[in-house]
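Asks: Can you read through this structure? Questions will come right after.
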Amino acid sequence: MSGSRHPAMDRRALLVAAAAGALATACGTAEGLPAGEVAVLGDSTAWEKPMNAAGAAMKSVASLRVVPQVNPSLESFEQIVRSSLRTRKTPDMLKYWSGYRLQDLARTGGIEDLTGQWDDAVAKGWVDPSLRGAFTYRRRVYGLPMNLAYWVMFYNPQVFREHGIEKPTTWQDFLTACARLKKAGVVPLHGSTVDRWPSFIWFQEILSRQDPRFYQDLMNGRGRYTDPRAERALRTIASFFDKDWFTPLDVSHTDAAAALVRGTVGMVACGTWLGSTLAGAGGKPGRSVGAFVLPMADRKARPSVIFESSALVATVRGPDRDEALKATRAWLHPAVMRAFSGTLQDGCPNPKVKAANPVIEGLAQQVRGDRLWLLNRFWEQGPPELVEATVDDLAGFLLNPSSYRGTLRTMQDRADEAWKVWREAEET
């Protein structure tokens, strides 16, 4: 590389410039929409059609249409949100994250308290009450769930049948399936560091199977990464590498979905939102695509599953504030949810609405029927800056699995400082 500037400085400069340009664009569109329309800014182009479907349904039940606006760059999207909340040119509504990221946003005072809307939805049976904690800050609700994705193992039933493998119902069944797939020339598992964030997946999955209570404590700052239970999780992942069970780490989820449908990858750990990608790759539910909740490694542990749910947020200073609040009152209506989740091809936070995808609906019935403990996804757990740094640490571990002890010490050093800052802010 020519020149004397540090690459990280170049990257920061580019991000600042990109965010500034994106913010100017966002502010240009945040002048308010025509009466009867309210804008929702998000970061995913894949959600445009589902949001338009929800908007059409909302028009019929509340004489109001939500209109998606998308900034697909994660970093500039967050810059836009943070910067615009301080101005009077903020978007009306946001597709945001739950958990600590939503709490961090609520601290700004720039988003609406939606506790009344939540309570009304619970009274009507339009939302699973157990999700409340993921959208709460200081006992008040600041976001409404949009989707409800469960984190599961996708697999190809035809490949399993071909090699005499039953869908795993115990941890030993899962390990046996991996070994048989490997022997048959099928890569058992997908592992990836593409786009950074997937680096947390296997730590999340293994730790929550081995000790869900400790996972919950660790993610909320009550446990330590240097605890033997965290080390056991990374040692387990390292043992999978030793057995050559993972794909190359540069295989994206899109490529892994196609490989699963083709039968060259055995299992892919992901949120149920991957269902639409699998369908796009030619996957057929029940034939070339199936899914199961990864069994508990400790049978004495409380049965659990990781979930992921985006938050619909209304801003305090949005140009169409009254209509935004009206939209929040209609969002969880069954007709709106049916249109949205059916187009998205994912699970629904309204228990009265069945998933359009039969594989996902089967999982939803299992989760509700078995009363599985819902654990929020790693990305939404803990101070955002800590999560971002820890994801990078886990990526380093995946690239060098023997480094697990040093990785855990580094993660704990980061956690000590991050939680100190977070708790000091809570006291102010």
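Asks: Give just the number: which of (1) among the hydrophobic types (A, V, I, L, M, F, W, C); (2) more than 21 Å from Arg229 (Cα to Cα); (3) in contact with an Asp or Glu (Cβ under 6 Å, 6 or more places away or on another chain) does Met411 not satisfy?
Replies: That leaves (2) as the condition not met.
Asks: Do we have Arg12 as at pLDDT 95 or above and of a type outside the set (Ser, Thr, Tyr) here?
Replies: Working: at pLDDT 95 or above: no; of a type outside the set (Ser, Thr, Tyr): yes.
The answer is no for Arg12.
Asks: Regarding region 392-399, can at least one residue be identified that is more than 23 Å from Pro129 (Cα to Cα), out of contact with any Gly (no Cβ under 9 Å at 6 or more places or on another chain), modelled with pLDDT of 95 or more and acidic (Asp, Glu)?
Replies: Yes - at least one qualifying residue is present in region 392-399.
Asks: Which of the residues belonging to region 285-299 are outside any strand (DSSP E or B) and out of contact with any strand residue (DSSP E or B) (no Cβ under 7 Å at 6 or more places or on another chain)? Step through it out loud before you land on a result.
Replies: Start the filter on region 285-299 by keeping residues that are outside any strand (DSSP E or B), which leaves 286-288, 293-299.
Hits for region 285-299 are Gly286, Arg287, Ser288, Pro295, Met296, Ala297, Asp298, Arg299.
Asks: Ok, one more. Answer yes or no: is there a residue in region 130-147 that is part of a helix (DSSP H, G or I), touching a helix residue (DSSP H, G or I) at 6+ places or on another chain (Cβ under 8 Å) and either open to solvent by 10 Å² or more (accessible area, probe 1.4 Å) or more than 15 Å from Ala314 (Cα to Cα) (or both).
Replies: Of region 130-147, the ones part of a helix (DSSP H, G or I) are 130-135.
Subset that is touching a helix residue (DSSP H, G or I) at 6+ places or on another chain (Cβ under 8 Å): 132, 134-135.
This time we only want the ones that are either open to solvent by 10 Å² or more (accessible area, probe 1.4 Å) or more than 15 Å from Ala314 (Cα to Cα) (or both), so: 132, 134.
Yes, some residue in region 130-147 is part of a helix (DSSP H, G or I), touching a helix residue (DSSP H, G or I) at 6+ places or on another chain (Cβ under 8 Å) and either open to solvent by 10 Å² or more (accessible area, probe 1.4 Å) or more than 15 Å from Ala314 (Cα to Cα) (or both).
Asks: Return yes when Arg287 is in contact (Cβ under 8 Å) with a residue 24 or more places away in the chain and either of a type in the set (Phe, Trp, Tyr) or open to solvent by 40 Å² or more (accessible area, probe 1.4 Å) (or both) and no when it is not.
Replies: Values: in contact (Cβ under 8 Å) with a residue 24 or more places away in the chain: yes; either of a type in the set (Phe, Trp, Tyr) or open to solvent by 40 Å² or more (accessible area, probe 1.4 Å) (or both): yes.
It is true that Arg287 is in contact (Cβ under 8 Å) with a residue 24 or more places away in the chain and either of a type in the set (Phe, Trp, Tyr) or open to solvent by 40 Å² or more (accessible area, probe 1.4 Å) (or both).
Asks: Would you confirm whether any residue within region 225-241 is closer than 15 Å to Val187 by Cβ and either hydroxyl-bearing (Ser, Thr, Tyr) or surrounded by fewer than 21 Cβ atoms within 10 Å (Cβ to Cβ) (or both)?
Replies: Yes: region 225-241 contains one or more residues that are closer than 15 Å to Val187 by Cβ and either hydroxyl-bearing (Ser, Thr, Tyr) or surrounded by fewer than 21 Cβ atoms within 10 Å (Cβ to Cβ) (or both).
Asks: Being open to solvent by less than 40 Å² (accessible area, probe 1.4 Å) and on the phi < 0 side of the Ramachandran plot narrows it down to one of Gly271, Gly263, so name that one.
Replies: Details: Gly263 fails: on the phi < 0 side of the Ramachandran plot.
Just a single option satisfies the conditions, and that option is Gly271.
Per-residue answers, yes or no, for (1) assigned to a strand (DSSP E or B); (2) open to solvent by 50 Å² or more (accessible area, probe 1.4 Å); (3) not small (Gly, Ala, Ser):
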position: Trp47; (1), (2), (3): no, no, yes
position: Ser60; (1), (2), (3): no, yes, no
position: Val66; (1), (2), (3): yes, no, yes
position: Ser83; (1), (2), (3): no, no, no
position: Arg101; (1), (2), (3): no, no, yes
position: Asp113; (1), (2), (3): no, yes, yes
position: Ala121; (1), (2), (3): no, no, no
position: Tyr150; (1), (2), (3): yes, no, yes
position: Met153; (1), (2), (3): yes, no, yes
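Asks: Got a number for residues in region 161-189 being in contact (Cβ under 8 Å) with a residue 60 or more places away in the chain and either open to solvent by less than 50 Å² (accessible area, probe 1.4 Å) or aliphatic (A, V, I, L, M) (or both)?
Replies: 12
Asks: Please work out if Ala258 is aliphatic (A, V, I, L, M), open to solvent by less than 10 Å² (accessible area, probe 1.4 Å) and at pLDDT 95 or above. Write out each step before concluding.
Replies: Numbers: aliphatic (A, V, I, L, M): yes; open to solvent by less than 10 Å² (accessible area, probe 1.4 Å): no; at pLDDT 95 or above: yes.
Here the answer is no, as Ala258 does not meet what is asked.
Asks: Gly271 - would you say it is more than 20 Å from the chain's Cα centre (by Cα) and modelled with pLDDT of 95 or more? Talk me through it step by step, then tell me what you get.
Replies: On the way: more than 20 Å from the chain's Cα centre (by Cα): no; modelled with pLDDT of 95 or more: yes.
So Gly271 fails the test.
Asks: Looking at region 353-383 only, could you name the residues that are of a type in the set (Lys, Arg) and touching a Phe, Trp or Tyr at 6+ places or on another chain (Cβ under 7 Å)? Don't jump to the end; show me each part of the working.
Replies: Step one: list which residues in region 353-383 are of a type in the set (Lys, Arg), which gives 354, 368, 371, 377.
Selection gives Arg377 alone.
Asks: Of everything in region 98-147, what is without any contact (Cβ under 8 Å) to a residue 60 or more places away in the chain and in contact with an Asp or Glu (Cβ under 6 Å, 6 or more places away or on another chain)? Give them in sequence order.
Replies: Arg140
The values are calculated or read from the model by the stated rules, or taken from the named source; none is laboratory data. Fair warning: this is a prediction, and the values are worked out from it, not measured in the lab. Here the Cβ is made from the backbone with ideal geometry for all residues, glycine too, and neighbour counts use every protein chain on show. Just so you know, the surface numbers come from the protein's heavy atoms only, side chains and all, with ligands and any DNA or RNA stripped out. Shrake-Rupley method; radii C 1.70, N 1.55, O 1.52, S 1.80 Å.
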